[in-house]
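J.: This is the structure I have questions about; it appears just below.
The values are calculated or read from the model by the stated rules, or taken from the named source; none is laboratory data. Please read these numbers as outputs of a predicted model, since none were measured by experiment. Heads up, the Cβs are rebuilt from the backbone with ideal geometry, glycines too, and the neighbour counts pull from every protein chain shown.
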Amino acid sequence: MGIGAATASRLAGDGAAVIVADCNEEAAQKKVSEIQGSGAEAWFQYVDLSSPSSIEKMGREVTECVPCLHGLVNNAGILRTASIAETGDSDWEPQITINLRAPALCTKALLPLLRKGPGHIVNLSSEGAFIAHENRWVYTASKAGILALTRNMAREFVGYGMRANTVAPGWTVTEMHFLRSEDPAAKKAELESIQRDTGVIPRLARPQEIAAVIAFLLSDDASYMTASIVHVDGGRITS
Ligand SMILES: NC(=O)c1ccc[n+]([C@@H]2O[C@H](COP(=O)([O-])OP(=O)(O)OC[C@H]3O[C@@H](n4cnc5c(N)ncnc54)[C@H](O)[C@@H]3O)[C@@H](O)[C@H]2O)c1
């Protein structure tokens, strides 16, 4: 869904064969069918990013299908809100495992294929790694961890001709904010109002605008970029 779906479409449009890995088979298959309908190559790969054994299985299954990979986008993430005082174990565990541990485990599982590509890596952080928010400290901590993880990947993998970069989106119109919201329209209005007051570009991002930057970082046009953090937040970083 969201930024991942837009990225799959963008990369397929640019000529890539795309593997859409997700735990939501219905949504992912819909995207795969749409891409296939446009004449590009795509297929679905099940993975539950909260489970190390599922990630290992994904790595084995992808290895049976393709000889190498030219890119990996560690995109999927979840957002749960709670104050520091109210945060329970159930808030910690899924956000840290899915948002921070999974990008490391997926990269490890696919590293033999990425080395052969070579494949470049884009990891998704967030403006939350840079700007203080109330009630989302576990999420923002996981997204701050992505910055260190990516820098380490860049250093460790340069010898294989691989690059690793971070994209830090601002508020983007996706299911992340609206799927679980009791009143999606009110939530959207609230985010739009904050963006108007604190951003430079006074509107929310479209997922395609994040996907375009991801596609650029995976391309040879970004050949001298590694360990970089690219803010795609309409200027929220200035707030
Ligand atoms: N939307 C925003 O405003 C925003 C802002 C900053 C950063 N981001 C980051 O961008 C990335 C994409 O966000 P989005 O808004 O597109 O999210 P989204 O909620 O729209 O989509 C997330 C995708 O991740 C998948 N997913 C969730 N848990 C999974 C699991 N356990 N195993 C496999 N797949 C799983 C979902 O099925 C879905 O396809 C995330 O890392 C998010 O933190 C988003």
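J.: Give, as residue ranges, the helices (runs of 4 or more DSSP H) completely inside the range 1-68 that count at least 2 residues that are at pLDDT 95 or above and of a type in the set (Lys, Arg).
T.: In the range 1-68, 25-37, 52-65 are the helices (runs of 4 or more DSSP H) which contain 2 or more residues that are at pLDDT 95 or above and of a type in the set (Lys, Arg).
J.: Ok, one more. Based on this model, can you work out whether Ala40 counts as surrounded by 15 or more Cβ atoms within 10 Å (Cβ to Cβ) and small (Gly, Ala, Ser)?
T.: Yes.
J.: A further question on this structure: Does at least one position in the range 45-59 carry a residue that is of a type in the set (Phe, Trp, Tyr) and either touching a Phe, Trp or Tyr at 6+ places or on another chain (Cβ under 8 Å) or over 15 Å from Ala102 (Cα atoms) (or both)?
T.: no
J.: Something else now. May I ask you to list the residues in the range 119-140 that are of a type outside the set (D, E, K, R), in contact (Cβ under 8 Å) with a residue 40 or more places away in the chain, crowded, with 17+ Cβ neighbours inside 10 Å and over 11 Å from Pro103 (Cβ atoms)?
T.: Once the filter is applied, which keeps residues that are of a type outside the set (D, E, K, R), in contact (Cβ under 8 Å) with a residue 40 or more places away in the chain, crowded, with 17+ Cβ neighbours inside 10 Å and over 11 Å from Pro103 (Cβ atoms), the range 119-140 yields Gly119, His120, Ser126, Phe130, Trp137, Val138, Tyr139.
J.: May I pose another question? Of the residues Leu179, Leu100, Leu110, only one is of a type in the set (A, V, I, L, M, F, W, C), modelled with pLDDT under 95 and within 24 Å of Asn24 (Cα to Cα); which?
T.: Among Leu179, Leu100, Leu110, only Leu179 is of a type in the set (A, V, I, L, M, F, W, C), modelled with pLDDT under 95 and within 24 Å of Asn24 (Cα to Cα).
J.: Continuing with this model, one more query. Of all residues in the range 1-29, which are among the charged types (D, E, K, R) and under 20 Å from Leu110 (Cα atoms)?
T.: Of everything in the range 1-29, just one residue is among the charged types (D, E, K, R) and under 20 Å from Leu110 (Cα atoms), namely Asp22.
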